[in-house]
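Worksheet: the structure to be examined is printed underneath.
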Amino acid sequence: MFQLAERIARDTMERLSRLTTAHLPALLAALSILLVAWCLAAGMRWLLMRVFRGARIDQFLRRSGIASLLPGGGPVHATQVAARGAYWATLTGGFLLALSAFDTQLTSRMIEWVLLMVPKLFAGAVIMVAGLWASRYLGRSALIWAFNEGIPHSRRISDAVRVVVIFVTVVVAADYLNFARNVFLASFILIIGGAMLAGALALGLGGRKIVERRLESKDSGKTEKPEPAAWKHL
Amino acid sequence: MQAETKLPAPDFLPEEAFDAVYKVGQADIVVGIPSYNNAGTIGHVTRAAQAGLERYFPQLKAVIINSDGGSSDGTRQAVLASRLDSSRLLLLNTPLFPVHRLSFPYHGIPGKGSAFRLIFQMASMLGARGCVVIDSDLRSITPEWIDLLLRPVLHAGFDFTAPFYQRHKYDGTITNSIVYPLTRALYGLRVRQPIGGDFGLSLRMLNRYLSRRDWQGNAARYGIDIWMTTIAIAEGFRVCQSFLGAKLHDPKDPGTDLSEMLHQVVGSVFALMQEYEPVWKRTSSSRDVDLFGFPFGVGLDPVEVDTGRMLGVFHRAARELRDVWALALQPATLKELGRVSATLDSGSADGFHLDDELWARVVMEFALAWRERPAERGHMLRSLTSLYLARVASFVLESRDLLSDQVEDRIERLCLTFERLKPSLISSWDRVTGPAQSAARGPGDASDGARAEVMLED
């Protein structure tokens, strides 16, 4: 019994010793890389905070309307967002580099995948941000137009415009990233086609009476009296 | 006689306008009438202008120019065909020169401003000492208007004569609730009808307008009146007013969208605020402007106002446009508007009141947001319509039993509120950094408004 326990302990120690001898340098290297990456990330965050504050990037975003993408329309802190983004991007880079110190097949493949995808993901993110901005802008335009025209449910019209633009953006981004391209494209065609058909039916059914009235007044030689403007006194 | 100031090449003038200038050669006075489908009234306006010129300026050479925006109802023909039976007018003087009547279609952006540009350019090329512009839809114009608008320019050295009308208490609400109080608080001159539409101008003033480069924006459309008035005040030109009596005119084109009109007028005010920042920041109070003519009371057309409908729009807007208002308004202002809107929840307008201070804050916060968020200017200004309707409705409800003098007192109170809140506008303006100074000014202009300020204080 005692001998068995001794053998187990010895085997364990030998295995630990082998593992340590094999992976300690890589582990130490990885930790060192992580430490350097953390220092770099912190430095980068500090630098970006200073540079962006000097360049008044928050103000630019507010003036360009990009700031209104933020929920609630609260104050913009793009400088902080960018600095934090750079911090975490540098740390992630450091982590990947640290993984590469282990030189295994799995880590190599992970790094390769990330490196290949980063530019595409970045471009995809840009497409999404532009699409979100456009959806907000066009949705708001539709809301104000519909409201000032006295069209009921102007909020719903605005929401519909926003959803359509976001959907188009997602389709474009998915197509660019080659991600479920056919699924998005097919659903896009189906939804747009369906919406067009519904719109055409609604217009046809709703406009029938107007056309009838017009034709009748044309036949009888009468012209419709224009409705007096609601705010003419203003 | 050519103007002394070097002006940009007038490439917007139609060929026939050049020919007309060549044929007429020189004129002392130009009366400009912008038009668009005004065949019903423009004949009367043209005859009144001609009678005014023959009666009050018989020794001067005058031209009436109609600048038309492509009317399809025979407006131009009505101008050219209008005839004046001088014998029935008991003219005391025999005119030395015939009054020429010309009509041209203007080129460029459709709008009143583009029409004015053609008139100003022709007046400048003809070397006119004075120019009068009058609306083509006026029903109350008399020959005296020409004298009242022109005489201060020709004989008293003024550069800009603004109109001063008797109007119904519910007429001209954009003027009464936004443009007059804001312009007065900003630039310190009490020009009562800054967007009246009928003005007298000197050649110096005309050339200043023509030398500017911002004819393509709101100045080309409904923003032109406040654009002209503000430039005259802010750049220190000599400004006066003339009492013209009642202003009765056709209702605005029913196709004209109120929101669009408000957008153009208020957008123009805000754009000029940006440009003349040094001038209005240094102006701390307001003063009266010389008034010519003999003020008298007149009967006015009744104006029907549907406050229920206006308040309905505001009530709905408080729910649906809140996010858009939030782009411009401070949370406290938004909250207060929500409280005002809540008084309508019961379906009755009895307790509805949008007070002067809240309204002044709304206008000033929109001005600040206009400066701070250029990409969202259109949205913000178009969302102002419902707030404006609420303010008008509140004003109508309050002044229902008031006489016109008492209504003037109410407007005076609103103006004083704008003036009182101006220091806070200035401090907020300084916190918000806007774009670089507008490039609207022409060559050789005052670089920071300092010159204009000195002249204002003269």
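Of all residues in region B:116-141, those satisfying the criterion of being modelled with pLDDT under 90 and of a type in the set (Ser, Thr, Tyr) are B:Ser136, B:Ser140. Of the residues making up region B:117-136, just one is open to solvent by 10 Å² or more (accessible area, probe 1.4 Å) and of a type in the set (A, V, I, L, M), namely B:Met125. Given the criteria at pLDDT below 85, open to solvent by 50 Å² or more (accessible area, probe 1.4 Å) and more than 14 Å from chain A (Cβ to nearest Cβ), does B:Ala349 qualify? No; evaluated as a whole, the condition is false for this residue.
The residues on offer are B:Lys281, B:Lys247, and the sole one that is of a type in the set (Lys, Arg) and within 14 Å of chain A (Cβ to nearest Cβ) is B:Lys247. For region B:40-72, filtering for residues that are part of a loop (DSSP other than H, G, I, E, B) and either in contact with a helix residue (DSSP H, G or I) (Cβ under 9 Å, 6 or more places away or on another chain) or buried (at least 24 other Cβ atoms within 10 Å of the Cβ) (or both) leaves 5.
Residues are listed down the side, and each one gets a yes or a no for (1) within 14 Å of chain B (Cβ to nearest Cβ); (2) within 30 Å of B:Lys247 (Cβ to Cβ); (3) open to solvent by less than 100 Å² (accessible area, probe 1.4 Å); (4) modelled with pLDDT under 75:
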site: A:Gly193; (1), (2), (3), (4): no, no, yes, no
site: A:Leu205; (1), (2), (3), (4): no, no, no, no
site: A:Glu224; (1), (2), (3), (4): yes, no, no, yes
site: A:Ala229; (1), (2), (3), (4): yes, yes, yes, yes
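A:Gly93 falls short on exactly one of the conditions (1) open to solvent by 70 Å² or more (accessible area, probe 1.4 Å); (2) touching a residue at least 24 places away in the same chain (Cβ under 8 Å), and that condition is (1). Of the helices (runs of 4 or more DSSP H) contained entirely in region B:135-214, those carrying at least 3 residues that are touching a helix residue (DSSP H, G or I) at 6+ places or on another chain (Cβ under 6 Å) and closer than 17 Å to B:Thr229 by Cα fall at B:180-187, B:203-210.
In this structure, does B:Gly299 turn out to be surrounded by fewer than 18 Cβ atoms within 10 Å (Cβ to Cβ) and within 12 Å of chain A (Cβ to nearest Cβ)? Answer is no for this residue. Would you check if B:Leu381 is touching a helix residue (DSSP H, G or I) at 6+ places or on another chain (Cβ under 8 Å), crowded, with 22+ Cβ neighbours inside 10 Å and touching a residue at least 60 places away in the same chain (Cβ under 8 Å)? Answer is yes for this residue. Restricting B:Ser268, B:Ser259 to residues that are modelled with pLDDT under 95, open to solvent by less than 10 Å² (accessible area, probe 1.4 Å) and either farther than 20 Å from B:Gly111 by Cβ or within 14 Å of another protein chain (Cβ to nearest Cβ) (or both) narrows the list to B:Ser259. A search for C-beta distances below 9 Å between a residue of region A:133-150 that is within 9 Å of chain B (Cβ to nearest Cβ) and within 13 Å of B:Arg382 (Cβ to Cβ) and any residue that is outside any helix (DSSP H, G or I) and at pLDDT 90 or above, counting only pairs 6+ apart in sequence or on different chains, returns A:Leu143/B:Leu321; A:Ile144/B:Leu321; A:Phe147/B:Leu321. Say whether the condition of being buried (at least 18 other Cβ atoms within 10 Å of the Cβ) and more than 16 Å from B:Leu321 (Cβ to Cβ) is met by at least one residue in region A:139-149. Among the residues of region A:139-149, not one is buried (at least 18 other Cβ atoms within 10 Å of the Cβ) and more than 16 Å from B:Leu321 (Cβ to Cβ), which makes the answer no.
The values are calculated or read from the model by the stated rules, or taken from the named source; none is laboratory data. Model, not experiment: these values are computed from the prediction. Note that we place each Cβ from the backbone using ideal geometry, even for glycine, and neighbour counts take in every protein chain shown. Quick note on the areas: whole protein, heavy atoms, side chains included, nothing else; ligands and nucleic acids left out. Shrake-Rupley method; radii C 1.70, N 1.55, O 1.52, S 1.80 Å.
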